[in-house]
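Worksheet: one structure, shown below.
The values are calculated or read from the model by the stated rules, or taken from the named source; none is laboratory data. In this text the structure is predicted, and so the values were computed from the model without any measurement. Quick reminder, even Gly has a Cβ in these numbers, built from the backbone with ideal geometry, and neighbours come from all protein chains shown. Note: areas computed on protein heavy atoms with side chains; ligands, DNA, RNA excluded. Shrake-Rupley method; radii C 1.70, N 1.55, O 1.52, S 1.80 Å.
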Amino acid sequence: MKKILFGLLALVLLLPAYGEAANKQLEKARKQELSKKLKEYKKGKWEIMGSHTLEFALAKHFDRLNTLGEDGHEVEGISTKTKSKNTGKQAAINNAVVTYAQEAGSTLQGRIVSDMNANGADPAGEFDNFYGAYERLVEKEIRSEMEPSYSIIRTNPDGTYEIRTYFIIAESAASKARMRALEEALKNSEAAQKYGDKITEFVKQGFE
């Protein structure tokens, strides 16, 4: 019994040291990731948009991702050739919203098709209008949950600008936005309504 107690005591005493070592390792990995991304941007001749330095913006971005953990979802918006920086940034934001909605729609469609086929049903064509409506509604609902984390810019050979804007979306908030979109999309689709509970389950799963 004493040996067991001593073993447990030793384990308790070692846990803080183990936790500290793990934290140091994680912090080292974060610094390496930040350094790698900075080198990548500088090599590509990217510059930060705004008053902060690129290093500060990236550090803040990674810190936010770390804080959210599995709840954090990064989305990239791209604008390739614009003559105006402001117009390009807005185009990148719009691209990010559309990208997220398309990803949500494709994920949902893949799950529905897989599930229906596994049960001997063929949903081809039956859900087409529903998928399109769902994507459009996700665009509308997710926009308010997307705040730009940072934007980078570089000048193309022809003098136009390429801009990339990055977002971090909290999955908990995004899930509610997708559910609002689903509820609206289901109203106009009798085919989807038949499988409402199953589809709701798929939407809640997000991009898992």
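Details
- Residue match in segment 165-178 (condition: under 21 Å from ASP115 (Cα atoms) and touching a strand residue (DSSP E or B) at 6+ places or on another chain (Cβ under 9 Å)): no
- Qualifying residue in segment 105-112 (condition: modelled with pLDDT of 90 or more, among the aliphatic types (A, V, I, L, M) and either open to solvent by 10 Å² or more (accessible area, probe 1.4 Å) or in contact with a strand residue (DSSP E or B) (Cβ under 9 Å, 6 or more places away or on another chain) (or both)): no
- Subset of segment 159-198 that is over 17 Å from the mean Cα position of the chain (by Cα), at pLDDT 90 or above and among the aliphatic types (A, V, I, L, M) - its residue that is farthest from GLU147 (Cα to Cα): LEU186
To keep it simple, each residue is scored yes or no on (1) of a type in the set (Lys, Arg); (2) more than 27 Å from LYS198 (Cα to Cα); (3) open to solvent by 60 Å² or more (accessible area, probe 1.4 Å).
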site: GLU40; (1), (2), (3): no, yes, yes
site: PHE56; (1), (2), (3): no, yes, yes
site: GLY77; (1), (2), (3): no, yes, no
site: LYS83; (1), (2), (3): yes, yes, yes
site: ALA92; (1), (2), (3): no, yes, no
site: GLU103; (1), (2), (3): no, no, yes
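- Taken together, ILE168, ILE153 contain a single residue that is touching a Leu at 6+ places or on another chain (Cβ under 7 Å), in a strand (DSSP E or B) and open to solvent by less than 60 Å² (accessible area, probe 1.4 Å), which is ILE168.
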